[in-house]
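The values are calculated or read from the model by the stated rules, or taken from the named source; none is laboratory data. Since the model is a prediction, treat every value here as computed from it, not as a measurement. Cβ: placed from backbone, ideal geometry, glycine included. Neighbour counts: every protein chain shown.
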Amino acid sequence: MRKKIVAGNWKMNKTFSEAEELITEIADQLDGTKPENVEVILCPPYIYLELATDIAEDAPYSVGAQNINDHDMGAYTGEISAQMLIELNVAYAIIGHSERRKYYNESHEFLAGKVDSALRHGIRPIFCCGETLPEREAEKYKEIVKTQLYDSLFHLTPEQFGWVIIAYEPVWAIGTGVNATPAQAQEMHAYIRKLIADKYDPQIAGETTILYGGSCNSKNARELFAQADVDGGLIGGASLIADEFISIIKSF
Ligand code: PGA
């Protein structure tokens, strides 16, 4: 079902005590003031997930992982599986973030396996897609995103696809302070919805949640979220400051 979502991708930030402080502050500030129609998701590093779900027992947010392995169990040193996370009440997993594609060479095929693994265990993928600056300048941005969706997501059945959230994150906007303009975001979100309508059907496309990510902050969130096909944001840097994150959540 299409929802308004604000998700915080903490990346590899915060010590344990800082994480505890930030989660508690977010929970306290949201208590009684969270807009009812907005789902808030915190994606801290793995080792803070249990902390987040414990604090979250009655708190108005859900918890997501930043990555998962494509297998369930076995000899994969250093990896974490969806099967492990679901027991911690982790409801979401970011899959295909551009930093993982770039630094860990995650291929379309590998990401398809991660999506399958999340769905096998009832974890909802937040699937990231987006082009680099040279790809945008070469007017290839639609083609790039189309390939990312076709090669890692469009093997899913319509029922499975209904579990997926998409995050359009132009690589040139991530952590740079240069966000996509609302018009650029809307153009791509509408295009993604069209691809889903062509592959599945217009109803499924209309029900898919598509988030924007890339230098989204309390100053630009309102205009970005006001676009017809933008259903919320995947927030990096600005999710590490409680006041900033809360103000983004209240930007719809
Ligand atoms: P940013 O990161 O908000 O710091 O640009 C977004 C993301 O990488 O998900």
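Report yes if SER215 is within 16 Å of the ligand (Cβ to nearest atom), part of a helix (DSSP H, G or I) and modelled with pLDDT of 95 or more, otherwise no.
Working: within 16 Å of the ligand (Cβ to nearest atom): yes; part of a helix (DSSP H, G or I): no; modelled with pLDDT of 95 or more: yes.
Judged against the criteria, SER215 is not a match.
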Report summary line: All conditions in (1) touching a helix residue (DSSP H, G or I) at 6+ places or on another chain (Cβ under 7 Å); (2) not in a loop (DSSP other than H, G, I, E, B) are true of GLY206 except (1)
Query raised in the report: With respect to GLY206, is the statement that it is within 10 Å of the ligand (Cβ to nearest atom) and either more than 30 Å from SER17 (Cα to Cα) or buried (at least 23 other Cβ atoms within 10 Å of the Cβ) (or both) true?
Result: no
Report task. Determine whether LYS194 is surrounded by fewer than 19 Cβ atoms within 10 Å (Cβ to Cβ), within 20 Å of ALA7 (Cβ to Cβ) and over 18 Å from the mean Cα position of the chain (by Cα). Result -> no
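Determine if segment 159-180 includes at least one residue that is more than 16 Å from the ligand (Cβ to nearest atom), in a helix (DSSP H, G or I), touching an Asp or Glu at 6+ places or on another chain (Cβ under 8 Å) and not polar (S, T, N, Q). Talk me through it step by step, then tell me what you get.
Within segment 159-180, the subset more than 16 Å from the ligand (Cβ to nearest atom) is 159-164.
Adding the requirement that they be in a helix (DSSP H, G or I) leaves 159-161.
Then keep just the ones that are touching an Asp or Glu at 6+ places or on another chain (Cβ under 8 Å); that gives none.
No, segment 159-180 contains no residue that is more than 16 Å from the ligand (Cβ to nearest atom), in a helix (DSSP H, G or I), touching an Asp or Glu at 6+ places or on another chain (Cβ under 8 Å) and not polar (S, T, N, Q).
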Report task. Considering only residues that are away from the ligand (no atom under 16 Å from the Cβ) and among the aromatic types (Phe, Trp, Tyr), look in segment 1-57 and name the one that is nearest to GLN83 (Cα to Cα). Result -> TYR46
Query raised in the report: Hey, does segment 66-76 have a residue that's surrounded by fewer than 15 Cβ atoms within 10 Å (Cβ to Cβ) and either among the small types (Gly, Ala, Ser) or touching a Leu at 6+ places or on another chain (Cβ under 7 Å) (or both)?
Result: yes
Report task. Could you pull out the residue among LEU224, LEU234, LEU240 that is within 12 Å of the ligand (Cβ to nearest atom), out of contact with any helix residue (DSSP H, G or I) (no Cβ under 9 Å at 6 or more places or on another chain) and farther than 21 Å from GLN160 by Cα? Result -> LEU234
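Conditions tested, residue by residue: (1) modelled with pLDDT of 95 or more; (2) among the charged types (D, E, K, R).
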{"residue": "LYS3", "(1), (2)": "yes, yes"}
{"residue": "ALA7", "(1), (2)": "yes, no"}
{"residue": "GLY32", "(1), (2)": "no, no"}
{"residue": "VAL40", "(1), (2)": "yes, no"}
{"residue": "LEU49", "(1), (2)": "yes, no"}
{"residue": "ALA56", "(1), (2)": "no, no"}
{"residue": "PRO60", "(1), (2)": "no, no"}
{"residue": "ALA65", "(1), (2)": "yes, no"}
{"residue": "ILE68", "(1), (2)": "yes, no"}
